[in-house]
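Below you'll find the structure, written out as structure tokens, and then a few comments.
The values are calculated or read from the model by the stated rules, or taken from the named source; none is laboratory data. As the structure is a computational prediction, the values presented were derived from the model and not from experiment. Cβ placement follows ideal geometry from the backbone for every residue including glycine, while neighbour counts extend to all protein chains displayed. For the accessible areas, the whole protein counts, side chains as well, though only heavy atoms, and no ligand, DNA or RNA atoms are used. Shrake-Rupley method; radii C 1.70, N 1.55, O 1.52, S 1.80 Å.
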Amino acid sequence: MDIKLIYKRCVILIGIVAVIMAIYIYKLAGFQIVNHDEYAESALSYTASSIKVTAARGEILDRYGRTIATNRMGYAIIFQASEFNKLTNAERNEIIYRLTNIIDENEGRDEDGSPKWEDSCPLVVDDLGNVSFEENKNTAVRRMETMLELQTYATAQNCFDEMASRYETAELSPTVARIIMGVRLEMELMSFNASNPFTFAGDVSQETMQIISENSDFFRGVTVEITPIREYTDGTLAPHLIGLTGKIYAEEYESLRKKGYGYNDVVGKFGVEKEYEDRLRGINGVKKVQYDDDGNVNYTEYTREPKAGNTVVLTLDSDLQRTAQESIENIVKSQAAQGIVGGGADANAGAVVVMNVKTFEVLAAATYPSFDLSTYLKDYSDLSKNKDNPLFNRALNGMYAPGSTFKPAMALVGLQEYENNKDTINPSQFGIERNEKIECKGFLVLEDAQGWRFKCEGVHGQINVTRAIAVSCNVFFYTVADRVGIDKMNSYCKQLGLGSKTGVGLGESGGRLAGREERQSRNLNWFTADTMQAAIGQSDNEFTPMQICTYMATLANGGTRYSATLIKTIKSYDMDETIQPDAENNPAILAKLEASNTMMSIVKEGMLGVTEDGTAASIFGEYQIKIGGKTGTSDTSKSTGENKTESPNAVFIAFAPYEDPEIAVAVVGEKCGHGKVMAQVARDIFDEYFFSTKTSGYDVMKEGGISTWSDKRS
């Protein structure tokens, strides 16, 4: 063969190979250099799992930045579907059963015997292997039947057998099978998948964490992660207001799922935790995790960092709240211990609200009896059965007749209506003049009230409006009511916020203002006698302690009713950004009282008389600063005639200092007897607010024998 031809062919062949190699090199360069990020991401998407990373919940603080609800980091056992679902049923069951044994050994069980891992399966297996539905778990039973695609008439054994077949536990003992099936069912109910890990158990001990970590080869698809855990610094502090977080219920999930919640997430169940869920809730992050063929993690990347929720700063003063709680509890217990029939022997509950009169920020709102958030779930069954209903938020939802604490409102109506009509021929037919005296003989008989005899608690003789407030003369205010009528009375009462929601939220009750409008809503008639009873805070009048405090604050500040609030401000988690401005800078006005400062001053003068030489003088007669107050005793008798079966409720309202009011207080003691009993609660609150040395708050200095104070806490 021609050598030149052979050489030529070799050159051509080498050239072809070189071109092919150049193409390969070019392509590889494109993969490795030019388009590296694009192809790396593409490769990762095929080998990595996207996992949710729980964001920290926002904290709850008191007005001075003291922590009420916070987060601590704890260990949680989490199943990752990308690895766990590769295993056989037998392998999954073995891992689950071994984990339950570890939890039982290291963490124990709850007092009711329930396990500390996730298991809401409503099946019970006895020692003989008999299967039954757990009592009072109808919703859980229906949810299980739906998941297992069984009819509603399916028996407990039908459900057990279906799960045994589905999860391959038929060869195990019924007791062991039930433990495993409970967890497996929970996984399905919580939509366990590659992007939605399953939290098997939260807040486990370090010992449990170490056992699982040291045996990671066995516990495939199981990780122990550090997660935020909600914690309350003092579970007894304002529990009705603060509330609690908890797992999402089945009936909640559908609506919450649309907001981006997963079954493993927690939400606020009541109180501030629920009301401000959207603010407190963080934004979960997303983490991509790449595994090798052996299930080991070899690459981790956050595609979205978790963002913590906002910090909610309350208007509450922790010290004042604690004082209010302790005082109302002590006074109620003291009244019950005295054993005076009709005078507090059956005392069992109460509530107190403290409010800034210039902003309507709620400084304290206490309810007795109460509970502890840290043991709420454990104690819930007993709490819900307690006849005194400690779970009931009396400060916001309790409905009470105000008794004689209603009389300052009546005095204002009479005074202002006289002023409005003073140019008429006989203004006294419309109201009362400030110096007018009305004779109290101990009773009043009105012809247009079908001759009814309306009693007073004393015989006060000739008495004017300020003295009538001080000694709580019923006859005086019957006379005022007879002149002004129920419609005028209610016009002013509505401006004062009585019978209306205060704006504080948290599911507060609206109260009930006695009158024709309320009676007509029940297809009932209104009579003159009803007007007389309404004038002394009885009849159909029922208000919440929050409303009563709002009424007191409106009078104290000169007639402006603001929206009550528990939220001072909302900040970002790191406190650098303001999400909601400070409440005291721009309080929302709900109403302006149509009364002059002169008339309101006369009313407040009468309330000063209550504490100096009137019905509450025994508590405040020698107090360091001047206090305006009013006692009230509202009938709660369930019987007729003179044989009363219950003590009356004791009510007290107050504001201080008298010259320049800062705070208002409303106290109600259920079946505690006379209203002056609750004046001691108000005094305890004033002591804490003005004179406490426990905080860096009000410093009291003696200058020439006069007490002065300056607020250093704001």
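List of remarks:
- Some residue of segment 218-240 being among the polar types (S, T, N, Q), open to solvent by less than 30 Å² (accessible area, probe 1.4 Å) and part of a helix (DSSP H, G or I): no
- Residues in segment 621-674 that are among the basic types (Lys, Arg) and either open to solvent by 60 Å² or more (accessible area, probe 1.4 Å) or on the phi > 0 side of the Ramachandran plot (or both) were compared, and the one that is modelled with the lowest pLDDT is Lys638.
- Pair list, Cβ < 7 Å and 6+ apart or interchain, from segment 562-573 residues that are open to solvent by less than 30 Å² (accessible area, probe 1.4 Å) to residues that are basic (Lys, Arg): Lys568/Arg63; Ile570/Arg279
- Number of residues in segment 415-443 that are touching a residue at least 40 places away in the same chain (Cβ under 8 Å) and either in contact with a strand residue (DSSP E or B) (Cβ under 7 Å, 6 or more places away or on another chain) or not basic (Lys, Arg) (or both): the value is 10.
- Checking Thr405, Thr375, Thr424 one by one, the residue that is open to solvent by 10 Å² or more (accessible area, probe 1.4 Å) and either modelled with pLDDT of 95 or more or over 24 Å from Tyr492 (Cα atoms) (or both) is Thr375 and no other.
- Across segment 55-63, not a single residue is classified as part of a helix (DSSP H, G or I) and either at pLDDT 90 or above or more than 23 Å from Ser374 (Cβ to Cβ) (or both).
- Of the residues Gly507, Gly559, the single one that is small (Gly, Ala, Ser) and surrounded by fewer than 19 Cβ atoms within 10 Å (Cβ to Cβ) is Gly507.
- Every test in (1) in contact (Cβ under 8 Å) with a residue 60 or more places away in the chain; (2) assigned to a strand (DSSP E or B); (3) farther than 18 Å from Ala534 by Cα is passed by Phe454 save one, and that test is (3).
Conditions (1) over 30 Å from Leu320 (Cβ atoms); (2) without any contact (Cβ under 8 Å) to a residue 24 or more places away in the chain; (3) surrounded by 13 or more Cβ atoms within 10 Å (Cβ to Cβ), marked per residue:
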| residue | (1), (2), (3) |
| --- | --- |
| Gly58 | no, no, yes |
| Ile68 | no, no, yes |
| Ala76 | yes, no, yes |
| Arg92 | yes, no, yes |
| Glu118 | yes, no, yes |
| Gly129 | yes, no, no |
| Glu135 | yes, yes, no |
| Met147 | yes, no, yes |
| Asp161 | yes, yes, yes |
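- Filter result for Phe192 (out of contact with any strand residue (DSSP E or B) (no Cβ under 8 Å at 6 or more places or on another chain), aromatic (Phe, Trp, Tyr), in contact (Cβ under 8 Å) with a residue 40 or more places away in the chain and farther than 30 Å from Val353 by Cβ): no
- Cβ-Cβ contacts under 6 Å between residues 6 or more apart (or on different chains), taken from a first residue in segment 582-610 that is under 17 Å from Leu498 (Cα atoms) to a second residue that is in a helix (DSSP H, G or I), are listed as Ala591/Gln495; Leu593/Gln495; Ala595/Leu412; Ala595/Gln416.
- Segment 149-159, subset more than 21 Å from Gly129 (Cα to Cα) and either of a type in the set (S, T, N, Q) or open to solvent by less than 20 Å² (accessible area, probe 1.4 Å) (or both), residue modelled with the lowest pLDDT: Thr152
- If the condition is being assigned to a strand (DSSP E or B), hydrophobic (A, V, I, L, M, F, W, C) and either without any contact (Cβ under 8 Å) to a residue 24 or more places away in the chain or buried (at least 24 other Cβ atoms within 10 Å of the Cβ) (or both), then segment 341-360 contributes Ala351, Val352, Val353, Val354, Met355.
- When residues of segment 361-416 are limited to those that are part of a loop (DSSP other than H, G, I, E, B) and among the small types (Gly, Ala, Ser), the one farthest from Asn649 (Cα to Cα): Ser370
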